[in-house]
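Here the structure comes first, spelled out in structure tokens, and everything after it is commentary.
The values are calculated or read from the model by the stated rules, or taken from the named source; none is laboratory data. Nothing here was measured: the structure is a model prediction, and the numbers come from that model. For neighbour counting, all protein chains shown are included, and Cβ atoms are generated from backbone atoms with ideal geometry for every residue, glycine included. Just so you know, the surface numbers come from the protein's heavy atoms only, side chains and all, with ligands and any DNA or RNA stripped out. Shrake-Rupley method; radii C 1.70, N 1.55, O 1.52, S 1.80 Å.
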Amino acid sequence: MPESAIQVVGLDHVVLRVADLERSIAFYTAVLGATEERRLDALGLIQLRIGAHLIDLVPVDSELGRTGGAGPGKGGRNLDHFAVELTAFDEPRLRTHLAAHGVEPAEVARRYGAGGYGPSMYIRDPDGNVVELKGPPEEAGEA
């Protein structure tokens, strides 16, 4: 069988259409530790670095944002969720950090991700998008 023309290495970036740009920048930088990497104001695009990957924020009222139709809200969102991989998963510390930023986490559950099974917790960003905080995978052999 010939090798596929597409060889996926990992997630490169996620693009989120947001209602309030500054509120979203504050959430992703303060809560998740992202840093602003690039800003293309003429296009309406802000790129945040999170680990080796990017989260692009596009204001729904910008030139680029308007091409996507209505903005995110209770009637519909841009995606179901995306997961960010954490280097450690200290639940009490995570809950304290999130509470300090007014973010209410869901319960922790064992979920499967790119590295295998491990702890995870769902939170919501300011536009209602679900972000999964995914802990390191369990040691090999754990069922």
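Tabulated results
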| quantity | calculated |
| --- | --- |
| Label point distance in nm, Ala70-Glu3, each placed 7 Å from Cα along Cα→Cβ | 4.6 nm |
| For Arg111, solvent-accessible area (1.4 Å; no DNA, RNA or ligand), Å² | 60 Å² |
| Over 17 Å [Cα-Cα, the chain], rounded percent | 64 percent |
| Distance between the stretch 26-64 and the stretch 98-130 - C-alpha centres, whole angstrom | 20 Å |
| DSSP-defined antiparallel bridges as percent of all bridges, the chain, nearest 5 | 65 percent |
| Isotropic mean projected area of the C-alpha convex hull, the stretch 21-91 (nm²) | 5.8 nm² |
| For q = 0.30 Å⁻¹, Debye-computed log10 I/I(0) when each Cα of the stretch 98-143 counts as one equal scatterer | -1.07 |
| Evaluated at q = 0.18, 0.20, 0.21, 0.30 Å⁻¹: base-10 log I(q)/I(0), Debye formula over Cα of the stretch 1-61 | -0.63, -0.73, -0.78, -1.33 |
| Coarse-grained scattering of the stretch 54-126 at q = 0.16, 0.19 Å⁻¹, given as base-10 log I(q)/I(0) from a Debye sum over alpha-carbon atoms | -0.77, -0.96 |
